[in-house]
Ligand SMILES: [Zn+2]
């Protein structure tokens with residue numbers, strides 16, 4: 001892990017990204033949030049909306065990039081910093097490179113999908129025409145804890161649903177018989 005010290009301002013932007021993550025969590029989306037800063041102003045923000053939008057591309061960073069591009073009326077975000085609570089995936093790293101964002105701050109690593117440090121090093125790969133200054137670990141504990149709590153609750157819900165299904169089958173043996181006949 002790269003050792004970093006952060007300014008009050010940088011912490012503030014990551015807190016805003018965490019606020020976005022919270023917005024995702026309350027509607028049952030994986031709690032990841034992102035903001036994009038230009039001249040000290042947040043010009044784009046987003047949280048994961050994959051389930052509600054029925055769209056695999058609706059990651060926090062993609063939504064923040066879209067909003068920032070619309071705000072600046074430009075696909076180039078070359079004077080911007082992107083903050084995101086969890087390490088970007090391959091798709092989002094690709095979007096960051098394509099938007100020419102020069103600096104990224106992320107919170108916790110994603111060992112299963114992270115494409116910045118965990119699985120790949122896309123943002124710092126010198127074979128690409130654009131490389132990014134990466135800062136990891138800013139408010140990582142908060143970001144990570146939100147993810148852990150979210151998946152714990154999701155597992156609990158799954159377990160409860162499975163239990164309820166089982167109970168329904170026991171109380172309706174005829175139906176069970178029918179379904180076994182069909183298969
Ligand atoms: Zn992503």
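Among the numbered criteria (1) more than 13 Å from the chain's Cα centre (by Cα); (2) closer than 21 Å to residue 134 by Cβ, which single criterion is violated by residue 75?
(2)
Please identify the pairs in which a residue from segment 36-62 that is within 13 Å of residue 23 (Cα to Cα) and within 14 Å of the ligand (Cβ to nearest atom) has its Cβ atom under 7 Å from the Cβ atom of a residue that is modelled with pLDDT of 95 or more and part of a strand (DSSP E or B), counting only partners at least 6 apart or on another chain.
Once the first residue is within 13 Å of residue 23 (Cα to Cα) and within 14 Å of the ligand (Cβ to nearest atom) and sits in segment 36-62, its partners that are modelled with pLDDT of 95 or more and part of a strand (DSSP E or B) give 46/34; 47/33; 60/33; 60/34; 60/46; 60/47; 60/84.
Look through segment 74-106, keep the residues that are within 15 Å of the ligand (Cβ to nearest atom) and part of a loop (DSSP other than H, G, I, E, B), and return whichever of them is farthest from residue 42 (Cα to Cα).
Taking the candidates together, the pick is 89.
Do the conditions hold for residue 85, that is, is it touching a strand residue (DSSP E or B) at 6+ places or on another chain (Cβ under 8 Å) and either touching a residue at least 24 places away in the same chain (Cβ under 8 Å) or over 25 Å from residue 153 (Cα atoms) (or both)?
yes
Quick one: which residue in 3, 67 is at pLDDT below 95, out of contact with any helix residue (DSSP H, G or I) (no Cβ under 9 Å at 6 or more places or on another chain) and either part of a loop (DSSP other than H, G, I, E, B) or over 16 Å from residue 147 (Cα atoms) (or both)?
One residue alone meets the criteria, 3.
The values are calculated or read from the model by the stated rules, or taken from the named source; none is laboratory data. Worth saying up front: this structure is predicted, and the values here are computed from it rather than measured. Quick reminder, even Gly has a Cβ in these numbers, built from the backbone with ideal geometry, and neighbours come from all protein chains shown.
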